[in-house]
1. For segment 98-127, which positions are β-branched (Val, Ile, Thr) and either assigned to a loop (DSSP other than H, G, I, E, B) or surrounded by fewer than 18 Cβ atoms within 10 Å (Cβ to Cβ) (or both)?
2. For residue 205, all conditions in the list (1) farther than 30 Å from residue 91 by Cβ; (2) loosely packed, with under 14 Cβ neighbours inside 10 Å; (3) more than 14 Å from the chain's Cα centre (by Cα) hold save one; what is the number of the exception?
3. Quickly run through segment 1-13 and pick out the residues that are in a loop (DSSP other than H, G, I, E, B) and at pLDDT below 95.
4. Name every residue in segment 208-234 that is buried (at least 17 other Cβ atoms within 10 Å of the Cβ) and more than 20 Å from the chain's Cα centre (by Cα), in order of residue number.
5. Just the residues that are of a type in the set (S, T, N, Q) and either crowded, with 17+ Cβ neighbours inside 10 Å or at pLDDT below 95 (or both), please, taken from segment 129-163.
6. Being farther than 23 Å from residue 258 by Cβ and buried (at least 18 other Cβ atoms within 10 Å of the Cβ): is that true of residue 58 here?
7. Does residue 86 satisfy being assigned to a helix (DSSP H, G or I) and surrounded by 24 or more Cβ atoms within 10 Å (Cβ to Cβ)?
8. For segment 37-79, name all the residues that are touching a helix residue (DSSP H, G or I) at 6+ places or on another chain (Cβ under 8 Å) and within 22 Å of residue 185 (Cβ to Cβ).
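The values are calculated or read from the model by the stated rules, or taken from the named source; none is laboratory data. This one's a predicted model, so the numbers in the text were calculated from it and none came from an experiment. Cβ placement follows ideal geometry from the backbone for every residue including glycine, while neighbour counts extend to all protein chains displayed.
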Amino acid sequence: MRSEVASLPGSPERPNEDWVAAVLPASGSGGTLVLLDGVTPPAGDDGCVHTVPWFTARLGGALTELSGSRRDMPLSEILSLAIRRTADAHRHTCDLSHVRTPQATVVLARWDEASVEHLVLSDSALLLESPDGTVRAVLDDRLDRVPAEVLRSLEATDRLRNREGGFFTAAADPEVAARAVTGTTPRAEVRALAALSDGASRWVELFGEGDWTDCFGVLRKEGPVGLLRRVRALEAADARAGGARRWKLHDDATAAYAELPGR
């Protein structure tokens, strides 16, 4: 089985807020893939004494451990419990009711000999490749439905964050796990899978260099490092052209790729 992960910070002046893990147990043919994209807070008080990387490391670690140790639990329940554990680690020092309390997007996949389970919350992406090469993108498009002019207003965005009619992220409320996009695919129908933070999915969604199948081809041939290099080159070219297609030069960019063992 082949698995690779890569991550690049958006800026050398600040820490990378993404988090990624690919876990292959020593026994059996199962595995887990976890990718989080931390939500960068605006300058000012978010009610928390901790950083976003602290939060994503805590939540990502809990998701990784639980997805392996509690195979009896569906992924939505695992996310709920991981959020609760993370909240318990700082609820006595921080105001977790603050709308901008540390939070993250989530991609979680788990597989065994029978099936591949998936969960996606917010705007990171999961790609599933079938044995015939067909690629299916699992997306939570609620953030995409919010008008761009609304997202340019901090107050308007806060009113939609983790609210009906808006969009959802993993923050401090375990109930948000029920809002995630989830599903199960027979193991025989998945040859490989990949997870992308929105900084990596820019190759498709912002720059239009290809569709999800093309993106998966880059990952298979060049690995996550190759895809991230391509994204950075496109961002640099866009900046030289005036930067009309992105609101910040670089974002934290993370990609994970896993080929499942043959049946």
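1. 99, 101, listed by residue number.
2. Every condition holds for residue 205 apart from (2).
3. 1, 10, 11, 12, 13, listed by residue number.
4. Within segment 208-234, just 234 meets the criteria.
5. Matches in segment 129-163: 153, 157, 162.
6. Yes; evaluated as a whole, the condition is true for this residue.
7. yes
8. 63, 66, 67, 70, 73, 75, 76, 77, 78, 79, listed by residue number.
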